[in-house]
């Protein structure tokens, strides 16, 4: 696996692989400047559909830690009523949400499995910058490019992070597109050329015109480069990560 | 022309050239981190104007695939809709919109002159990932950075950047897509306000002030207040 500069040029976005060749989240460019991120499929994916980061576990938020001094490279905390599998949060983030040390987050290197409401010690990639106390509150957040899924039209459990370029196999690794001219799929309404596009409120993985105030509250994906007929695929200027 | 890494640092965005020096769409950064894209100008451009990709060609959408193409094929024969010059769609995209093979798109390497209701072969940069049948339909889309124009009040494609100089038609140069940029205001901009493409004045932006304007394409956030019809600084995010 490449572990250096997290940018890869001249990628081939139409390929997938069972073993990762880049770090999750690595940014990739084609020779014409289209932008991609390296991700792992959390389920079978369909080309042209908007994808979501892995769902949050609300029982792994607002957690109480043990004190950790500045410079510590691990933090121990007590989980809520959901167990954690080994390295569920590896390459994800430990987020300090309330005093002390709040406003700072740390990349997680790894951790063992832990039972529901059990104690969990997380190894960090960087040392603690500001001491954490037993009054601090912690959220655990998975790497957004790990086990991505089709974006649900209702009941989102995370944010949109790209569009599938190919039909990807569950558990495989590959590139998802985040910026520049790319493919999207219209839901049950026609897409108007030049329209601001948001995630559909009717069909999983699809997009629709941002036509009113309610739709302005939906996640923004990009702008239509052409008109697109109902339920068909077409081209948009993606702006998820540009 | 440079054909390798599509990111160039320390560019001079105030130059233009009659000769193409980089890939269309190449990303450039100035020394202070402002972000640009390399384009071909589709008309005479005015500095500070919001720009749009070339207008869609609805006559070249929903086209039939003239002959089935297998996985791995490097060309696709398509029955075209109208008269189009050779290679107008070169470096653009062949977009598969309905089965089979839908959801995928391919960068076009070259094509001959197109004629109405006549099959033409499109050479691709990448091999087909999913086979196409004669039931598949495709759209032809120009490279959005080829022949950019002033953003019209009534959109015919998507905004792609802001002109940083007065550009000469058919020349090549840089347009800004990110960071502090000078942009034309349709009406007064309030400092800190989210700004969208104007639907009243070509090349301008306006404040996203209500449900209607919030539905227009987002361009950036005002770094200062800007008076009506004047140019001012926006934190651009295209």
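The values are calculated or read from the model by the stated rules, or taken from the named source; none is laboratory data. Since the model is a prediction, treat every value here as computed from it, not as a measurement. Quick reminder, even Gly has a Cβ in these numbers, built from the backbone with ideal geometry, and neighbours come from all protein chains shown.
A few notes on this one:
- Contacts under 9 angstrom Cβ, first residue in the stretch A:206-221 being under 15 Å from residue A:193 (Cβ atoms), partner modelled with pLDDT under 90, 6 or more apart: A:208/A:215; A:209/A:215; A:209/B:215; A:210/A:216; A:210/B:214; A:210/B:215; A:211/B:215
- Residue count for the stretch A:14-32 under the criterion of being outside any loop (DSSP other than H, G, I, E, B) and surrounded by 21 or more Cβ atoms within 10 Å (Cβ to Cβ): the result is 2.
- Matching residues in the stretch B:125-144 - criterion: being more than 18 Å from the chain's Cα centre (by Cα) and either part of a loop (DSSP other than H, G, I, E, B) or away from chain A (no Cβ under 11 Å) (or both): B:125, B:126, B:127, B:128, B:129, B:130, B:131, B:132, B:133, B:134, B:135, B:136
- When the stretch B:172-192 is filtered for residues that are in a strand (DSSP E or B), under 26 Å from residue B:225 (Cα atoms) and more than 14 Å from chain A (Cβ to nearest Cβ), the ones remaining, listed by number, are B:180, B:181, B:182, B:183, B:184, B:185, B:189.
- Between A:166, A:161, the distinction of being in a strand (DSSP E or B) and in contact (Cβ under 8 Å) with a residue 40 or more places away in the chain belongs to A:161 only.
- Filtered residues of the stretch A:127-138 (kept if farther than 11 Å from residue A:102 by Cα and surrounded by 12 or more Cβ atoms within 10 Å (Cβ to Cβ)): A:127, A:128
- Just one of (1) more than 16 Å from residue A:177 (Cβ to Cβ); (2) surrounded by fewer than 24 Cβ atoms within 10 Å (Cβ to Cβ); (3) in contact with a strand residue (DSSP E or B) (Cβ under 8 Å, 6 or more places away or on another chain) fails for residue B:97. It is (2).
- Put simply, of A:222, A:194, A:174, A:234 the only residue that is assigned to a loop (DSSP other than H, G, I, E, B) and either in contact with a strand residue (DSSP E or B) (Cβ under 8 Å, 6 or more places away or on another chain) or surrounded by fewer than 18 Cβ atoms within 10 Å (Cβ to Cβ) (or both) is A:194.
- Test for residue B:160: is it modelled with pLDDT of 95 or more, within 30 Å of residue B:68 (Cβ to Cβ) and buried (at least 18 other Cβ atoms within 10 Å of the Cβ): no
Residue-wise test of (1) within 18 Å of residue A:236 (Cβ to Cβ); (2) out of contact with any strand residue (DSSP E or B) (no Cβ under 8 Å at 6 or more places or on another chain); (3) at pLDDT 95 or above; (4) within 14 Å of chain A (Cβ to nearest Cβ).
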{"residue": "B:39", "(1), (2), (3), (4)": "no, no, yes, yes"}
{"residue": "B:49", "(1), (2), (3), (4)": "no, no, yes, no"}
{"residue": "B:53", "(1), (2), (3), (4)": "yes, no, yes, yes"}
{"residue": "B:57", "(1), (2), (3), (4)": "yes, no, yes, yes"}
{"residue": "B:62", "(1), (2), (3), (4)": "yes, no, yes, yes"}
{"residue": "B:67", "(1), (2), (3), (4)": "no, no, yes, no"}
{"residue": "B:87", "(1), (2), (3), (4)": "no, no, yes, no"}
{"residue": "B:90", "(1), (2), (3), (4)": "no, no, yes, yes"}
{"residue": "B:93", "(1), (2), (3), (4)": "yes, no, yes, yes"}
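- Test for residue A:53: is it surrounded by 16 or more Cβ atoms within 10 Å (Cβ to Cβ) and under 19 Å from residue A:156 (Cβ atoms): yes
- Residues in the stretch B:40-49 that are farther than 13 Å from residue B:146 by Cβ and under 12 Å from the mean Cα position of the chain (by Cα): there are none.
- Residues of the stretch B:12-27 that are more than 23 Å from residue B:231 (Cα to Cα) and more than 8 Å from chain A (Cβ to nearest Cβ): B:17, B:18, B:19, B:20, B:21, B:22.
- Selection within the stretch A:198-211: residues that are part of a loop (DSSP other than H, G, I, E, B) and surrounded by 17 or more Cβ atoms within 10 Å (Cβ to Cβ). The member of this set that is nearest to the other protein chains (Cβ to nearest Cβ) is A:210.
- Residues in the stretch B:100-109 that are crowded, with 18+ Cβ neighbours inside 10 Å and part of a strand (DSSP E or B) were compared, and the one that is nearest to the other protein chains (Cβ to nearest Cβ) is B:105.
- Leading residue by the ranking (farthest from the chain's Cα centre (by Cα)) among those in the stretch B:202-218 that are more than 10 Å from chain A (Cβ to nearest Cβ) and either touching a residue at least 24 places away in the same chain (Cβ under 8 Å) or in a strand (DSSP E or B) (or both): B:207
- Scanning the stretch B:145-171 for residues that are under 12 Å from residue B:50 (Cα atoms), in a strand (DSSP E or B) and within 14 Å of chain A (Cβ to nearest Cβ) returns B:148, B:149, B:150, B:159, B:160, B:161.
- Complete set of residues in the stretch A:177-191 that are away from chain B (no Cβ under 12 Å) and buried (at least 24 other Cβ atoms within 10 Å of the Cβ): A:178
- Restricting the stretch A:212-242 to residues that are in contact with a helix residue (DSSP H, G or I) (Cβ under 9 Å, 6 or more places away or on another chain) and more than 21 Å from residue B:208 (Cβ to Cβ), the residue that is farthest from the other protein chains (Cβ to nearest Cβ): A:227
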